[in-house]
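The values are calculated or read from the model by the stated rules, or taken from the named source; none is laboratory data. This is a predicted model, so every value here is computed, not measured. Using ideal geometry, Cβ is built from the backbone for each residue, glycine included, and neighbour counts are taken over all protein chains shown.
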Amino acid sequence: MSKKVFYIYNPKTLTYERVYPSLRQRIAVVLRHLLVGSILSVVIIAGFYFWLGSPKEEILKLENEQMKTQYKLLSKRVDAALAVMSDLQQRDDNMYRVVLQAEPVNAEVRDNGIYNPSRYADLLKMSDAQLVVSTTQKVDNLTRQVYVQCNSMNELMKLAQGQEERIKHLPAIQPVANKDLKRTASGYGYRVDPVYKTTKFHEGMDFAANIGTPVYATGNGRVIETGWQQGYGNTVVIDHGYDYKTRYAHLNKILVRKGQEVIRGEEIAEVGNTGKSTGPHLHYEVLYKGKPENPINYYFFDLSPEDYDRMIQLAENQGRVMD
């Protein structure tokens, strides 16, 4: 490669004369080119980093997105576990403890120490702090509730020991065959009276069924009342002992006599439409120490957790109360 030759125009002679640059000038030219090239390189590289990001930054972004996805999945799984725990707590307080005559677990005991903001101060410094803190709180909540529930179950097991005879006498099944729950008509609580159209307290549960459908004793006990009762029509009352009684009303035919001993699952009557009734059905009550209890809490030999939840929804139907 030949060296570059430089010329300069001489106006006096009207000719181009060759110029021989000095070493300093040559060095200056080289340095100038290097400087311009370096500046352009820096600008181009900076542009790539600004618009496209460095490989390391891209890796960090990908890892951060993956972490957020994992936290969201974890949060959903914890939500599902909390829903199951809530169902178990409801059954614990409203069914198991009712049966064993134990006080419900105090809500403050279940939630004690869960919502303590100081526990999450370090997490608030992280990126995506809200997601991280929210998920961590849920995990802490679940951990606490599992601990409390385990203690509750241990307590219930101790209470249940030695109570086999008592459990035989407790009302523990539905009074009519109702595996698909389609006969559940109306539940316990305030309802609109179908005859007088006024709001009154419904002290039992109604099961819609054809006349002649078998009615079963829901626990071992002794029949203490049979016959006609005002409003109830043909009625059977069983004393189960341990302060429990059950009432079966609007019957078509009574198959037991006063003073007779019966066992759980024994047929005692047939569904009818007697007394103040708007259609064939059984009105069923559970009384503890003379006061009505919600019968839905006394089907624990019949219902799975899923069936229990479904029956609660069906029993809330205020439009089908039948007496």
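The table below gives the values:
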item	result
Sole residue being more than 17 Å from L74 (Cα to Cα) and either at pLDDT 75 or above or not basic (K, R) (or both), chosen from V133, V139, V148	V148
Filter result (closer than 12 Å to F207 by Cα and not hydrophobic (A, V, I, L, M, F, W, C)) within region 159-178	Q174, P175, N178
Subset of region 268-322 that is in contact with a Pro (Cβ under 7 Å, 6 or more places away or on another chain) and part of a loop (DSSP other than H, G, I, E, B) - its residue that is modelled with the highest pLDDT	N273
Close pairs from region 60-79: first of a type in the set (S, T, N, Q), partner surrounded by 11 or more Cβ atoms within 10 Å (Cβ to Cβ) and not in a helix (DSSP H, G or I), Cβ under 9 Å, at least 6 apart	N64/D128
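Conditions tested, residue by residue: (1) surrounded by 21 or more Cβ atoms within 10 Å (Cβ to Cβ); (2) out of contact with any helix residue (DSSP H, G or I) (no Cβ under 6 Å at 6 or more places or on another chain); (3) free of Cβ contacts under 8 Å to residues at least 40 places away in the same chain.
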site	(1), (2), (3)
G241	no, no, no
T246	yes, yes, no
H250	yes, yes, no
I254	no, yes, yes
K258	no, yes, yes
G265	no, yes, no
G272	yes, yes, no
G275	no, yes, no
H283	yes, yes, no
